[in-house]
Structures are given as C-alpha cells and as structure tokens.
Amino acid sequence: MSKEWDDVWFSRTVDREIQMRDFYSGRQYILKYLPRNGTNLEAGSGLGRYVFYLSDLGFNIIGIDVSLQGLISCKNWAGVNKCNNKFICADVRSVPLPDNSISGYISLGVIEHFKEGPEDALKEANRILKDGGIAIISTPNRYSFHTILLSQINKIKLLVKFLLSSLSLYKPKVSQEILFQYEYSVKELVDFARNAGFEVIDYATISLKYPVYALFKTFNKLRFLRKIKGFLFPFLDFLEQTPLRIFGGLSLVIAYKKAKIVECFFCSKLTMPNSQFSVPVCKECSKNISSVILNKYKRGKKVSFHTHTLFSLEQQTTGKCFFCGKKYVSSKYFGDYGFSVSVCPDCRKDPEINIKLANFYLKEVWREYS
C-alpha cells in the first residue's frame, strides 16, 4: 500500500494540505477532545496537515505514515520552515512506540483502507494509549448520500456492461485497483472501537459539504456549485445540526482507553472515570476549572463550529491579541488558525486559552480541493 500512497502524496504539496484542513471537517472535534498534556500521535499523517497545525497551537504531536514520500515532504517542509516536528515511517497496525506511551491518538480516513478490516489498527491504538487516553477516529460514511447515489449508478453501469458483453458488444477493460477502501456507518465504527477496548464518549456523522462537492465534481458541475455556494453551503450548515447529518461524508467516533484509574483530561493526574463528563476529570479540576468550560465537556453536549467562512485563503496580517492585547504578526501558513478572534503565539499555546478557543471561537474555513 505504501507505493500507492507515495503516488498520492507526490502529486500534492504540504502548503496546500495545510490550507485544506477543513475540507473533510472534523477539526471541531479534534480541538475539543485532543489532550493538551502529554504526547499525541496522528496515525496516517500524510503530508502533516494536522501535525504542523496542532504543533503550532502548542500540542506535542508525532506523525506516523506508511508513505516514505509523504514523510520526506514533511521533513523537507519542516526543515525549510524551522519546525521541530517528529515523523516516523511505519504501519499504523505496528507502531514503534511503547505500551501506554501517548495521551491522544488521531486517525482520519486511515483504518478503512485495510482489506482485513480496522480491528488490528484499533487494537494497536489501544495498546499505545495511556489509560484514559483519547482516540479520535473517522472514516467515510457508508450512508453518505454521495456514496449511496454513486453506488446505484455503478450498479446500473455494471448491469449495462454485463448485458452488452453477453451480446459481444462490449469488451471489459483490465483495471488495477489503486486504493482499497471500505465505508463504515457510525454505528459500525462505534462497535469496532468498543471491541478494541475503548469507552465511546462521542460519535457523529459529519461533513455535508464534502459529499455535495464530490457529487458536483463527479458530474463536472463545479462551476455551477461556485455560483450557488453562497446560499447552498449555509443551508448545509443548518442541516448539519439536524438528523439529516446522518447523510454526511464522515463517520466519527471519540473514545478513551478504558481502565479503573485513568488520566485526567485537563491535568493528567490519575483519577477514576466520572460519568458526568465525556472526558476523565479529576476532583481538583472539577472544582478549579471554570464551570463554563466544564459544561462543554458534560456528556451529550453537541460539537460544532461557531462561525463559517467559505473559500478564504490564509493571509499574513498584523493583529491585536483578543486575550492579552499584544500586537503580533499572524502566521504565513495558518493565518488566524481557524479562530474567530485574534490570538498571539503565546496565548494560542496556553492550554487554558487553547481550550477556550476550541469551545467558543472556532471558525470553519472550507475550501475546494485543487
């Protein structure tokens, strides 16, 4: 599989991948649930889209990918931009890290590519996570309306080809499968996570924009989509807060490694699981952390972007930090980092402020893939 992924990443750039971090959605869950303490891992990091972004927000994160080409591109970009990021070439089913060594695990569109199923990758994630460590897993959604429609069209095409070939009017072409992929419903993904030893704390189907974009692209109608995006995409944002989100492009599950004693999400101290919150919270943090923040981590709280922006590009500007008032120059590659308020480098890396940004000031920045 590494050769196929080498071909994929060879045709893309790190700069563009960083710009596309909201193309599939999911950043709202990552920033809410990924631990600010300890070491995090993105398993299947590709061109480092989230490794570089999260590292610049103060997260300690490692990237692992089976593609040597992808990792070479990441290391070259890191060298040019003086980033101290660690990347490892490895299969996510056999990660070269010790047991109970990481606090957070991200897997975005990776585990669906194994013909034998996702079980081995999820068990490996459970092995390397600390007790109470958070796993954020997403795959294509089996019930995405894009997947359903194209599957029916393909069935019709296969039937027509079969009938024509039986009449000797069509000669099948020899094709080579490039990348194998399953689609999983969110229920299937939840079951996989539980069977691997995780306690599921949140799950959803997300990203209605992506299947709409994919359909328009399939039928060569992107020019028309650009004309109607101004009212169509806000309508899709509204639908994402309704039961119709089940037709979104991605299935997503948030879970933590089950144990009798686990690490507190906020301070990493050992504690017993607390059924009141979606993440492990120790007694001290439940008393000392703002109730406004803790309320966001009570079970059943919905996760969403707070504002939306379409097709904007990152721009380097001079701003005044919303939190400390200090003037600063924004990042060349990350712009405002997808936040609706200006935040200086020191404040955005402060764990307490970082959690506030994730829960109250998160802006979606959606762009086409080009």
Scan (1) touching a helix residue (DSSP H, G or I) at 6+ places or on another chain (Cβ under 6 Å); (2) assigned to a helix (DSSP H, G or I) for the single condition Arg223 breaks and write down its number. (1)
Residue check, Phe180 open to solvent by less than 70 Å² (accessible area, probe 1.4 Å), over 17 Å from Val303 (Cβ atoms) and assigned to a loop (DSSP other than H, G, I, E, B): yes
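I'd like the full set of residues that are buried (at least 20 other Cβ atoms within 10 Å of the Cβ), in contact with a helix residue (DSSP H, G or I) (Cβ under 9 Å, 6 or more places away or on another chain) and not in a strand (DSSP E or B), limited to segment 35-50.
Matches in segment 35-50: Arg36, Gly44, Ser45, Gly46, Leu47, Gly48, Arg49, Tyr50.
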Only unsatisfied item for Glu284, checking (1) out of contact with any Cys (no Cβ under 8 Å at 6 or more places or on another chain); (2) free of Cβ contacts under 8 Å to residues at least 40 places away in the same chain, is (1)
Any residue in segment 338-352 that is closer than 22 Å to Asp56 by Cβ and among the polar types (S, T, N, Q)? yes
With respect to Ile261, is the statement that it is in contact with an Asp or Glu (Cβ under 7 Å, 6 or more places away or on another chain), within 24 Å of Lys363 (Cβ to Cβ) and in contact (Cβ under 8 Å) with a residue 24 or more places away in the chain true? no
Of everything in segment 67-85, what is of a type outside the set (Gly, Ala, Ser) and crowded, with 22+ Cβ neighbours inside 10 Å? Give them in sequence order. Leu71, Cys74
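Can you name the residue in segment 9-62 that is of a type in the set (Asp, Glu) and over 21 Å from Ile111 (Cα atoms) and is also modelled with the highest pLDDT among such residues?
Filtering first and then ranking leaves Asp56.
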Residues that are of a type outside the set (S, T, N, Q), out of contact with any Pro (no Cβ under 7 Å at 6 or more places or on another chain), open to solvent by less than 50 Å² (accessible area, probe 1.4 Å) and over 30 Å from Lys217 (Cβ atoms): does segment 286-293 have at least one? yes
Within segment 11-34, work out how many residues are of a type outside the set (Asp, Glu), open to solvent by 40 Å² or more (accessible area, probe 1.4 Å), touching a residue at least 60 places away in the same chain (Cβ under 8 Å) and more than 20 Å from Pro140 (Cα to Cα). 2
Can you tell me which residue in segment 309-340 is modelled with the lowest pLDDT, limited to those that are open to solvent by less than 70 Å² (accessible area, probe 1.4 Å) and among the charged types (D, E, K, R)? Glu314
Top-ranked residue in segment 197-246 [being more than 19 Å from Tyr143 (Cα to Cα) and of a type in the set (Gly, Ala, Ser); ranked as surrounded by the most Cβ atoms within 10 Å (Cβ to Cβ)]: Gly197
Asp6: at pLDDT 90 or above and touching a Gly at 6+ places or on another chain (Cβ under 9 Å), yes or no? no
At least 2 residues that are within 27 Å of Ala78 (Cβ to Cβ) in each: list the strands (runs of 3 or more DSSP E) lying fully within segment 270-360 that qualify. 318-320, 327-329
Residue check: is Lys123 touching a residue at least 12 places away in the same chain (Cβ under 8 Å), surrounded by fewer than 19 Cβ atoms within 10 Å (Cβ to Cβ) and more than 22 Å from Asp7 (Cα to Cα)? yes
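Matching residues to (1) in contact with a helix residue (DSSP H, G or I) (Cβ under 7 Å, 6 or more places away or on another chain); (2) without any contact (Cβ under 8 Å) to a residue 40 or more places away in the chain; (3) hydroxyl-bearing (Ser, Thr, Tyr):
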position	(1), (2), (3)
Ala255	yes, no, no
Pro280	no, no, no
Lys302	no, no, no
Phe323	yes, yes, no
Asp336	no, yes, no
Condition first: touching a Ser or Thr at 6+ places or on another chain (Cβ under 8 Å), open to solvent by 10 Å² or more (accessible area, probe 1.4 Å), without any contact (Cβ under 8 Å) to a residue 60 or more places away in the chain and not charged (D, E, K, R). Can you find one or more residues in segment 51-60 that meet it? yes
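The values are calculated or read from the model by the stated rules, or taken from the named source; none is laboratory data. Model, not experiment: these values are computed from the prediction. Counting neighbours? That spans all protein chains shown, and the Cβs are built from the backbone with ideal geometry, glycine included. Side chains included, ligands, DNA and RNA excluded: accessible areas come from the protein's heavy atoms. Shrake-Rupley method; radii C 1.70, N 1.55, O 1.52, S 1.80 Å.
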